[in-house]
1. Are there any pairs with C-beta distances below 8 angstrom linking a residue in the stretch 208-237 that is acidic (Asp, Glu) to a residue that is more than 9 Å from the ligand (Cβ to nearest atom), with the two at least 6 apart or on different chains, and if so which?
2. Filter the stretch 44-57 down to the residues that are farther than 23 Å from residue 266 by Cα and within 21 Å of the chain's Cα centre (by Cα) and list them by number.
3. Residues in the stretch 58-81 that are over 19 Å from the mean Cα position of the chain (by Cα) and open to solvent by less than 60 Å² (accessible area, probe 1.4 Å): how many?
4. Which of the residues belonging to the stretch 20-35 are more than 21 Å from residue 113 (Cα to Cα) and in a loop (DSSP other than H, G, I, E, B)?
5. Got a sec? Which of 69, 65 is touching a helix residue (DSSP H, G or I) at 6+ places or on another chain (Cβ under 7 Å) and free of Cβ contacts under 8 Å to residues at least 60 places away in the same chain?
6. Identify, please: which residue in the stretch 177-195 is under 19 Å from the mean Cα position of the chain (by Cα) and open to solvent by 20 Å² or more (accessible area, probe 1.4 Å) and is, among those, modelled with the highest pLDDT?
7. Which residues, counting only those in the stretch 217-268, are within 18 Å of residue 57 (Cβ to Cβ) and modelled with pLDDT under 95?
8. Which number in (1) farther than 16 Å from residue 242 by Cα; (2) touching a residue at least 40 places away in the same chain (Cβ under 8 Å); (3) surrounded by fewer than 19 Cβ atoms within 10 Å (Cβ to Cβ); (4) among the aliphatic types (A, V, I, L, M) marks the one condition that residue 39 misses?
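The values are calculated or read from the model by the stated rules, or taken from the named source; none is laboratory data. Note that this is a predicted model, so its numbers are computed, not measured. Reconstructed Cβ throughout: ideal geometry from the backbone, glycine too, with neighbour counts over all protein chains shown. Side chains included, ligands, DNA and RNA excluded: accessible areas come from the protein's heavy atoms. Shrake-Rupley method; radii C 1.70, N 1.55, O 1.52, S 1.80 Å.
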Amino acid sequence: MERITFVWDIHYKCNFRCPFCWFYGKWEEMGKHNVYPGINKLSEVWDRMYDLYGECQISITGGEPSIYPDFVRLIENLSKKHIVKITSQLSCAVDDICEKINPERVFFDINFHPLEAKSGELIEKIRKLKNKGFRGGVCYLAYPPQMKDILKYRDEFERNGITFALAAFWGEYEGKKYPESYTEREREAIKPFLGDMNRVSHHLEGKKTKGRLCRAGCHYASIKADGTVTRCGPLSHKPIGNIFDKDFRLMEAPSPCEADVCPNDEYVWLVDGKEG
Ligand code: SF4
């Protein structure tokens, strides 16, 4: 059976202040939703999910996950029963991860933010992880002022054997809304990095999803820092339960999408997602 996937915003806290972040200017307000119940309590929660659904994929994001208290021990515990994906800007030291975490159970999705990080230092850390057998590539945001450096950074990471992907920017820059405001030339520059046409139409063109049958909520769910569970990011205002509640269960069957668009990779949970 296909693994159930949870995306977990482990906390809303970051040591970077990137202006394109969803949480920019709101860190203090968002931080009020953080709860730190301790590793034992979290292990109980994820053991319960294991008993219900077997081995799941827990995709940990934030904020920046690596500054969560006792992060390495948490990952060590979770990855005994589940596969863990960590989305991180990797500002942390990686030695402890290399020493204590099993690379067969944990992989990385690394964000490179040149406004706050240096490519050379990041490459060194990724090298250490790769030498230990961890998988993971770099993702760079097609934020308008960063567009000019796409090829330079692609070449630098690829020269070092690190895969390089792009994400389209959803937000406002200099009074213009994106992705709508990308020029034709910018769109053409981004497209090859997005891969298949489905990613192009959802990430870049905002393809409508409302009413289409989707497995988000039953095969996939998104968890906020306070434990609130929603079907997915675009429906983050519609809770379906709380992961800390002992009676929490996922929905039993796919149901129609209630969001207008699905700008991230969550569109893959559409029942007919493969057809676009
Ligand atoms: S298509 Fe996207 S927005 Fe709609 S329910 Fe599925 S995951 Fe959520």
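1. If the second residue must be more than 9 Å from the ligand (Cβ to nearest atom), the pairs left are 226/33; 226/34; 226/35; 226/242.
2. Matches in the stretch 44-57: 45 only.
3. 1
4. 32, 33, 34, 35, listed by residue number.
5. It is 65.
6. 193
7. 233, 264, 265, 266, 267, 268 - these are the residues of the stretch 217-268 that are within 18 Å of residue 57 (Cβ to Cβ) and modelled with pLDDT under 95.
8. That leaves (2) as the condition not met.
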